[in-house]
Amino acid sequence: MSNVPIFFSQGARWVRADFHLHTKADREFGYDGDDRDFVKEYVAALVSADIRVGVVANHNKFRYHEFKALRKRARKEDILLLPGVELSVQDGANGIHTIVVFNGDEWLANDTEYINSFLGVVFEGTTSTQYESSNKRTSTNLLETIRKLEGNEKDFFLVFAHVEAPNGLWHELKGGRLEALGENDLFRRRTLGFQKVRTHDRGKCCRVQVQQWLGDAYPAEVEGSDPKAVDQIGRGEKSWLKIGDYSFNAVKYALLDHKHRLARELPQHDHSHIQSVSFEGGLLDGQTIQLSPELNTLIGIRGSGKSAIVETIRYALDIPIGERSVDGTYKSDLVRYVLGSGGIVTVHARNREGKQYEVRRINGESPEVYIDGSIQPGVSISDTVLFRPVYFGQQDLSAVGKDFETELVEKLMARDLAAIRSEIRDQHDRVTAGVERLRKIADTQTRGLELESKRQELEHRLAFYRKHGIEEKLDKQIGFDADQRKCRRIASLVTSLLHDLDNLVQQYEDDVNSHPAYVSKYNRAFFREYFVIYDSLQQSFGHIKTALRSGGVIAFELQAKAEEFNKLQAGLREEFARMSRELHAELKTADVGEEVTPDGYRQLHRELAEIVETLRILKEEADSRTQLQDRLLSDLAVLERLYRDEFRKIRNRLTEINETSTVFKIKSEFAQDKEAMVQYMQDIFRGSGLWGTTHRKVAEKFDSFAEMYRDTDKMRAVAGDSFELFSSFFAKNLKDLLAWQVPNLFTVEYRGRELKRHSLGQRASALMLFILNQRNSDVVLIDQPEDDLDNQTICEDVVGLVRQLKERNMGTQFVLATHNANFPVLGDAEQVVSCLFVDDMIRPTTGGIDRREIQRNVVDIMEGGDEAFRQRQRRYDIWTSKDS
């Protein structure tokens, strides 16, 4: 990691700056305390006023030893003091008060008196006692003074004090002369600040008028307290600078880019964001990467590890890659490789309420949320820790083609749909299990023989592991895995039981309760006696409801008990991870082969346990075909209800998203992607001899395969002469068909036109702009989006939007891996993570874009052609000093 001050460990931050400070060395500054306490009291006043950047500028005077003592103590309080002088320049009617801010590293090098030597030059013909003790004006005018300064070949800039007051630049020069200065290169290059601008459009020499005279030479408007005593330090209005380093160059950089790096009010970051990411084990072992709440860019040559960092953050936060991702396997393998066996990634985050969280994930395990070191079961990362983080991978923009609309919705909503998707998966499992049980009735014996053979094979492979002593060393982990599976099986049993009871109650409750209200016109006495008997049935039904409620209580108690086990196991996870790393290292040293790993043994052991359990279930299978059929139809009804519940959530969220954009809309239709349905049938029935026209006729008349399964008569009518063949293949592929969800149909429109009708580049650009402009996500992770974007789009549209979002304080954290220098440079990245892969480790260096070390890395590393370089040239000129 680079030598970044702790205050700037998360990149550039807003700090209060005072550009007009005096000390007791100034004739107008009163101090009657003990001289030995002055430095301590002065710096304490800076701390009290929250000033972190100050310019010490006494009238016509610079006292090096006083400044040196103040600067030394200020550094201990994370305060940067810059050396300066407030000159009364011989210009205008009464002289112009001009603050010269010096680069102390150059003007004070080796304890030299370059500043006082300069004062002797501009006050030629007078002694230091004469010009230091009065408001004597320099012997040079403004432009001559700047030339004398430049003659020292050391960096500096000018801030004009109280510009509207007597001795102020505006007051003394006014119109024609100011306009001429605005065209002078010396003045333009060196004038970086006007202090105490108070008027707007009032008077002959107001802000609006001066801005017209100076044009783009109009500098930053800054503040300074101009104190005459210690207790006046920090009084008056405030200036806030965004800087990433305590240096002259960082302050100068901020003033040159004052539109984005200067504020009159302190901007606040109330959105949730990642504060840092730490690693144990793997290629980033021992590293902690600090992140800014705003724009973070990860740079480096190809293979340096920048994408790996983005992917591990995504993995830690459990953000899905996306079912249609073209490189999903590569990304999953990359995470495993980077973290290594037993490796841990920890995300330190702050939520919208300011609460601190840790999200820890061991490689191959589920993420866990901690507060103050204590695990918090059931806490949602997306809802409670970081609000709706989204991720777009390296090839996601280039995959803007078939099905990308669905993939876009998936990325935007994956976390919101997690709960109902979990229910759908569980219900899928019930449906497929039901189909499987029906099939097993016919081939249970064959299936049993297959599983027995598989069991023997696994036992043989496990014996090979035992030979290397792995079983004994992992016995405790294996035991905990077995206990956890048992808890899950019991929970699944209880859930299924309560689910079935609840379905039974819901299915019959209204009907059961409605019958006693019946009034017979001719047989009232009979029905009174009839319903007395029926009342016993109602009471029995009530007992079922009572049992259901009791079961719910029991399920809750079981869950609470299971949580005790989870906490016990969680307490041992790091121990297990450490053991896995150590054992992996032993096996690697022993050279037993790459296939012999701790994780491999645990996986085989889990597979064996599942097979043993399945064999037990097969032996106990006793359901009749009729019972299984009824159960399957009931499960299909529940599954279809869950599909509709899922769609309602999607539709509601898309409504929110559409309301935030005037040019980008996403429309939705439930289960209407009939082309996907036809294609699925063609794939499933390949080789059947069925014509495509049959598939299309079926897709037009049915909304799901479950509907086909239920309504054989309708299916016969639609399929016609092809019914028998269709029915035969349908039965053979029943499990796949019933488990397949007809996709919802999404249409993305950009500027009133379907996005797919735009060119690939336009689509990628539109999608990128849409991603960045999402107000519904606090954290956006993007890996190398530039492959499908031209430099003009990046500069004018994408980076421009990032700057706008930051200016409007829209509350989004960006973590962006990139090869394109426009993102960190023109995007004015608050934090740059420069990655280097060396000695089989990823070595990140961090810092704001205004740090010289980071600037050198950007120039050395980043890619870009002549066109991009020309657009970056202005910023590079800011960075490059004459001696670099």
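The values are calculated or read from the model by the stated rules, or taken from the named source; none is laboratory data. This structure is a prediction, so every number in the text was calculated from the model and none was measured. FYI the Cβ positions are ideal-geometry reconstructions off the backbone, even for glycines, and counts take in every protein chain you see. Quick note on the areas: whole protein, heavy atoms, side chains included, nothing else; ligands and nucleic acids left out. Shrake-Rupley method; radii C 1.70, N 1.55, O 1.52, S 1.80 Å.
Overview of values
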read-out: Any hit, region 254-272, residues being open to solvent by less than 10 Å² (accessible area, probe 1.4 Å), of a type outside the set (K, R) and over 27 Å from R75 (Cα atoms); value: yes
read-out: Members of region 124-137 found to be under 23 Å from A93 (Cα atoms) and either part of a loop (DSSP other than H, G, I, E, B) or in contact with a helix residue (DSSP H, G or I) (Cβ under 9 Å, 6 or more places away or on another chain) (or both), listed by number; value: E124, G125, T126, Y131, E132, S133, S134, N135, K136, R137
read-out: Which numbered condition R775 fails, given (1) open to solvent by 10 Å² or more (accessible area, probe 1.4 Å); (2) under 18 Å from the mean Cα position of the chain (by Cα); (3) at pLDDT 90 or above; value: (3)
read-out: Subset tally (residues that are open to solvent by less than 10 Å² (accessible area, probe 1.4 Å) and over 19 Å from K72 (Cα atoms)) for region 21-42; value: 1
read-out: Unmet requirement for S398, which otherwise passes all of (1) at pLDDT 90 or above; (2) touching a helix residue (DSSP H, G or I) at 6+ places or on another chain (Cβ under 6 Å); value: (1)
read-out: Number of positions in region 198-214 that are open to solvent by 40 Å² or more (accessible area, probe 1.4 Å) and in a helix (DSSP H, G or I); value: 6
read-out: Enumeration of residues in region 145-176 that are more than 14 Å from G95 (Cα to Cα) and outside any loop (DSSP other than H, G, I, E, B); value: I146, R147, K148, L149, E150, F156, F157, L158, V159, G175, G176
read-out: Residue match in region 112-123 (condition: open to solvent by less than 10 Å² (accessible area, probe 1.4 Å) and touching a His at 6+ places or on another chain (Cβ under 7 Å)); value: no
read-out: Some residue of region 129-146 being within 49 Å of the chain's Cα centre (by Cα) and open to solvent by less than 80 Å² (accessible area, probe 1.4 Å); value: yes
read-out: Which listed residue is hydrophobic (A, V, I, L, M, F, W, C) and in contact with a Pro (Cβ under 9 Å, 6 or more places away or on another chain), from L291, L295; value: L295
read-out: Any chance D50 is acidic (D, E) and either under 28 Å from F7 (Cβ atoms) or touching a residue at least 60 places away in the same chain (Cβ under 8 Å) (or both); value: yes
read-out: Given (1) in contact with a Pro (Cβ under 9 Å, 6 or more places away or on another chain); (2) assigned to a loop (DSSP other than H, G, I, E, B), index of the condition T140 fails; value: (1)
read-out: Residue, most open to solvent (accessible area, probe 1.4 Å), within region 329-345, restricted to residues that are in contact with a helix residue (DSSP H, G or I) (Cβ under 7 Å, 6 or more places away or on another chain), of a type outside the set (K, R) and not in a loop (DSSP other than H, G, I, E, B); value: L334
read-out: Scope region 676-708; condition outside any loop (DSSP other than H, G, I, E, B), open to solvent by 40 Å² or more (accessible area, probe 1.4 Å) and under 27 Å from S634 (Cβ atoms); matching residues; value: Y680, K701, E707
read-out: Candidate set from region 511-532 (those that are among the hydrophobic types (A, V, I, L, M, F, W, C) and within 60 Å of the chain's Cα centre (by Cα)); member that is least open to solvent (accessible area, probe 1.4 Å); value: V512
read-out: Among the residues listed as A69, A45, the single one being open to solvent by 10 Å² or more (accessible area, probe 1.4 Å), modelled with pLDDT of 95 or more and under 30 Å from T145 (Cα atoms); value: A69
read-out: Near pairs, Cβ below 8 angstrom, 6+ apart or cross-chain, from region 79-107 (under 22 Å from V39 (Cα atoms) and acidic (D, E)) to any residue that is at pLDDT 95 or above and assigned to a helix (DSSP H, G or I); value: D105/F248
read-out: Scan of region 284-308 for residues that are within 12 Å of the chain's Cα centre (by Cα) and aliphatic (A, V, I, L, M), ordered by number; value: L291, L295
read-out: Residues (at pLDDT below 90 and of a type in the set (V, I, T)) located in region 816-839; value: T818, V825
read-out: Complete set of residues in region 665-697 that are among the β-branched types (V, I, T), farther than 15 Å from L734 by Cβ and touching a residue at least 24 places away in the same chain (Cβ under 8 Å); value: I666, T694
read-out: Whichever residue in region 93-107 is part of a loop (DSSP other than H, G, I, E, B) and touching a helix residue (DSSP H, G or I) at 6+ places or on another chain (Cβ under 7 Å) and, among such residues, is surrounded by the fewest Cβ atoms within 10 Å (Cβ to Cβ); value: A93
read-out: Any chance V230 is at pLDDT below 95, more than 15 Å from L158 (Cα to Cα) and not hydroxyl-bearing (S, T, Y); value: no
read-out: Scope region 294-309; condition crowded, with 24+ Cβ neighbours inside 10 Å and on the phi < 0 side of the Ramachandran plot; matching residues; value: E294, L295, N296, T297, L298, I299, K306, A308, I309
read-out: Index of the failed condition, F647 passing every other in (1) open to solvent by less than 40 Å² (accessible area, probe 1.4 Å); (2) touching a residue at least 12 places away in the same chain (Cβ under 8 Å); (3) touching a helix residue (DSSP H, G or I) at 6+ places or on another chain (Cβ under 8 Å); value: (3)
read-out: Residue that is nearest to Q90 (Cα to Cα) [pool: residues in region 108-123 that are in a loop (DSSP other than H, G, I, E, B) and in contact (Cβ under 8 Å) with a residue 40 or more places away in the chain]; value: F123
read-out: First in region 413-433 and among the small types (G, A, S) and assigned to a helix (DSSP H, G or I), second anywhere and modelled with pLDDT of 90 or more and buried (at least 16 other Cβ atoms within 10 Å of the Cβ), Cβ under 8 Å, 6 or more apart; value: none
